[in-house]
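Below is one structure, written out as structure tokens, with a few remarks after it.
The values are calculated or read from the model by the stated rules, or taken from the named source; none is laboratory data. These numbers were taken from a predicted model, which means no experiment stands behind them. Positions of Cβ are backbone-derived with ideal geometry, glycine not excepted, and every protein chain shown enters the neighbour counts. Note: accessible area is taken over every heavy atom of the protein model, side chains too, but ligands, DNA and RNA are not part of it. Shrake-Rupley method; radii C 1.70, N 1.55, O 1.52, S 1.80 Å.
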Amino acid sequence: MFIQSEKTPFPSVYLGEIKGHTLVDIGSGPTIYQLLSAFEHFQEVIMTDYLEVNRQVLKMCLSNEPGVFDWSPYFEYVCKLEGKGESWKVKQTRLRERVSRVIPVDIHQSSPLGRELASGSIDCLVSSFCLEVCSPNLEAFHKALENVIGLLKPQGHLLWIGVLKESYYMVGEARLSVLSITEDIVKTALSKAKCIIREFSTYSMTPSMKVGVDDANGIFFVWAQKDAPK
């Protein structure tokens, strides 16, 4: 989650080093927690997902329709961590105003956002637990990252959270496969995608965090920049 605390990843986000006009969340799922601090540094936010059902949930949430999941405790918690003395309702309203679109994405296409956004036009990308979950093998993983990085402007930013050494996770009774990746695999993929790593950190899953829904070993956090043409 991109929230501010003493131990949060991506401290440069909160120091104002990462900012711009357009922030795109790649593979949002039906959730908004991943944007609750990052969105403040951009004029326009675009959320994306491959599944229509997830996009509909996001649109319902952003429209504050009855019966949607209540994200207010998350907003309250983030406001407390940010220490601005701001009402969570104000932040919630601002996020809804800042998100301009919820659109389809396919990370396995050379233009992941189709005609919605041109390659090389985005200031910053956010992606959480998407690429390794949606890639059937290492070759597809490398290509998906290259496709996603192609959306960025030269020197554009990638803020990426993913899972290490996970082979499956459970959704209800369904067991879904995940491409098991390591820190070295992630760094190699970023190099092949012509990215410069600015920050890279990991943490291991403690026994108390292993509750039987997956076999993840840890989580990684990356801040990288698309290399500028020579």
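For the chain, carbon and sulfur atoms together expose 52% of the accessible surface, with a 1.4 angstrom probe and every protein chain in place.
For the chain, dividing the convex hull volume of the Cα atoms by the residue count gives 130 Å³ per residue. Beta bridges assigned by DSSP with both partners in the chain are antiparallel in approximately 50 percent of cases. Each helix, a run of at least 4 DSSP H residues, gives -39500 (n - 2.57); summed and divided by the residues of the chain, these come to -7500 deg cm²/dmol at 222 nm. Taking a Cβ cut-off of under 9 Å around Ile196, the surrounding Lys, Arg, Asp and Glu residues balance to a net charge of +2, with basic ones at +1 and acidic ones at -1. Computed from the Cβ-Cβ distance with R0 of 35 Å, the FRET efficiency linking Glu44 to Ser201 stands at 0.80. Highest GNM mean-square fluctuation among Leu176, Leu125, Leu190, for the chain modelled with Cα contacts below 10 Å: Leu176.
Computing FRET efficiency as 1/(1 + (r/R0)^6) for Glu65 and Thr188, where r is the C-beta to C-beta distance and R0 is 45 Å, gives about 0.55.
Counting only Cβ charges, +1 for Lys and Arg and -1 for Asp and Glu, the dipole size of the chain around its Cα centre is about 480 debye.
A crude spin-label estimate for the pair Glu76 and Val90, with each label 7 Å from Cα along the Cβ direction, gives 1.8 nm.
Per residue, how many Å² of accessible area does the chain show with a 1.4 Å probe?
Roughly 50 Å² per residue, with all protein chains present.
Amide H contacts of Ser180: none lie under 5 Å away among residues 5 or more positions distant or on a separate chain (H built 1.01 Å from N in the peptide plane; Pro and chain starts excluded).
On a full-extension model of 0.36 nm per residue, what is the gain between Leu138 and Glu116, subtracting their alpha-carbon distance, rounded to one decimal in nm? Mind showing how you got there, number by number?
On the way: separation 22, 0.36 × 22 = 7.92 nm, distance 2.74 nm.
Full extension of this stretch gives 5.2 nm more.
Nothing charged except the Cβ atoms of Lys and Arg (+1) and of Asp and Glu (-1): what's the magnitude of the dipole of region 127-230 about its Cα centre? Round to the nearest 20 debye.
Details: 11 positive and 11 negative charges, 93 e Å.
For region 127-230, the charge dipole is close to 440 debye.
Comparing Cα centroids, region 13-53 and region 164-230 end up 19 angstrom apart. Legend: residue pairs Lys19/Lys194; Lys91/Lys192; Lys59/Lys80; Lys91/Lys194; Lys143/Lys210, Cα-Cα distance threshold 28 Å; pairs beyond threshold, Lys91/Lys192; Lys91/Lys194; Lys143/Lys210.
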